[in-house]
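Accompanying notes for the structure given below.
Bear in mind these aren't lab numbers, they're just calculated from the coordinates by the rules spelled out. Given the structure is predicted, the values throughout are model-derived calculations rather than measurements. Cβ sites come from the backbone with ideal geometry, for glycine too, and all protein chains shown count toward neighbours.
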Amino acid sequence: MILGRVRGWVTSSLTNMKLLIKQLNFDQEDVRSDKYNRLTDKWISKVTSLSSACNKYMVKFTSTLIEKAVTLCGAPSCEFACDEIMSIARGERTPYSDLDFPFLVKDKAHECYFERLAVTTYFLIGSLGETKLKYMNIEELESDKWFEDKSKNWCKINGLSPNARNIPTGKRSEGKRNKFITTVDELLTEYEETDRERSVES
């Protein structure tokens, strides 16, 4: 599995970087030395390279999940793109980060298909066994004070709880069920409105 290979590679890379950390243990008066600057530059370069490569692999992993969901749901009813946001857009995604993503669709008339595709993706991610049940917003478990969720809390969607928002089915508590199943034009309009509001506030 891609996720397992990425985690193994990251763990190995971080282990190797511990040797460099030990070399950075300088006395306070040496922190401005050329040697210190060379080592810190090397450290920054390695961290940046590792983060960039990890982000690239996680994009591939997410693409694999979406492609699998499409296989299960059938051919898309119109053109669409899955655009990841938050940590992966910043180039900071790790193999343990949650997944935030919208669907950019050509035609909102096919919204039902993309909601089904989104939910199928949620199940695929949930089947990894790394999603605490509280993120699935299961009412029966919320009321069971004796229930103890010992599942992992690693690679998961942002969540289905009322306060969750960065997934295609959106933030339900505000009645914006499909906020992140949208067209490019709608997204641009929303950004323009947000910019105007910020300009007024400032």
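At-a-glance table
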item	result
Computed lengthening from MET136 to ARG32, 0.36 nm per intervening residue step minus Cα-Cα distance	32.4 nm
Reachable lysines, given that their alpha-carbon falls under 22 Å from the alpha-carbon of LYS18 and they are not under 8 places away in the same chain	LYS35, LYS42, LYS46
Full-extension gain in nm, THR48 to SER87, via 0.36 nm per residue minus C-alpha separation	12.6 nm
Spatially proximal lysines relative to LYS132 (Cα-Cα < 17 Å; intrachain offsets below 8 disregarded)	LYS145, LYS150, LYS152, LYS156
Ordering of 58-64, 111-117, 68-74 by burial proxy (mean other Cβ atoms within 10 Å per residue, highest first)	111-117, 58-64, 68-74
Over region 57-201: Kirkwood hydrodynamic radius from C-alpha pairwise inverse distances, Å	16.3
